[in-house]
Amino acid sequence: MITSFPVFVGLTIVLFGGCAFMTGQALAATWRPAWQVIPYALLLGAADRFLGFALFGGQLLSFSGWLLDSAVLVCIGLLSWRLTQVRRMADQYPWLYVRTGPFSLRKL
């Protein structure tokens, strides 16, 4: 049985998306590279699959479902990482960088 769209939104985007957002923030706050978001998001995708199976009767060993969940979580984590890094760079080094948008910096 495949989980429904409301379960996908509630579990993957809201619950685990929040976890991925906080993971991206934590990695950027400790000056870790962006690629480290990916393995954490893949693990979050596996946990998402398990909770979907345990709570809502979804399919546990669905590779395409895990891939979709993980791809969404990787995107959320990387966006969060970039937002946090741009904010920290502009706040910590105001003589070097100025924010030109939520995802971009400009050197002075």
Scan segment 4-18 residue by residue and report those that are surrounded by fewer than 13 Cβ atoms within 10 Å (Cβ to Cβ), farther than 15 Å from Gly65 by Cα and of a type in the set (A, V, I, L, M, F, W, C).
Val14
Is segment 19-41 home to any residue that is more than 30 Å from Ala90 (Cβ to Cβ), open to solvent by 30 Å² or more (accessible area, probe 1.4 Å) and assigned to a helix (DSSP H, G or I)?
no
Run Leu61 past the list (1) outside any loop (DSSP other than H, G, I, E, B); (2) closer than 24 Å to Val9 by Cα; (3) among the hydrophobic types (A, V, I, L, M, F, W, C) and report the number of the one that doesn't hold.
(1)
Quick one: count up the residues across segment 83-99 that are among the β-branched types (Val, Ile, Thr) and either within 16 Å of Pro33 (Cβ to Cβ) or part of a helix (DSSP H, G or I) (or both).
2
Of the residues that make up segment 49-61, is at least one over 30 Å from Pro6 (Cβ atoms) and open to solvent by 70 Å² or more (accessible area, probe 1.4 Å)?
no
From the options Ser80, Ser70, residue that is buried (at least 16 other Cβ atoms within 10 Å of the Cβ), under 15 Å from Leu27 (Cβ atoms) and either among the aliphatic types (A, V, I, L, M) or at pLDDT 95 or above (or both):
Ser80
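The values are calculated or read from the model by the stated rules, or taken from the named source; none is laboratory data. All values derive from a computational prediction rather than experimental measurement. No Cβ is skipped: glycine too gets one built from the backbone with ideal geometry, and neighbour counts run over all protein chains shown. These area figures cover heavy atoms from the full protein model, side chains too; ligands, DNA and RNA do not enter into them. Shrake-Rupley method; radii C 1.70, N 1.55, O 1.52, S 1.80 Å.
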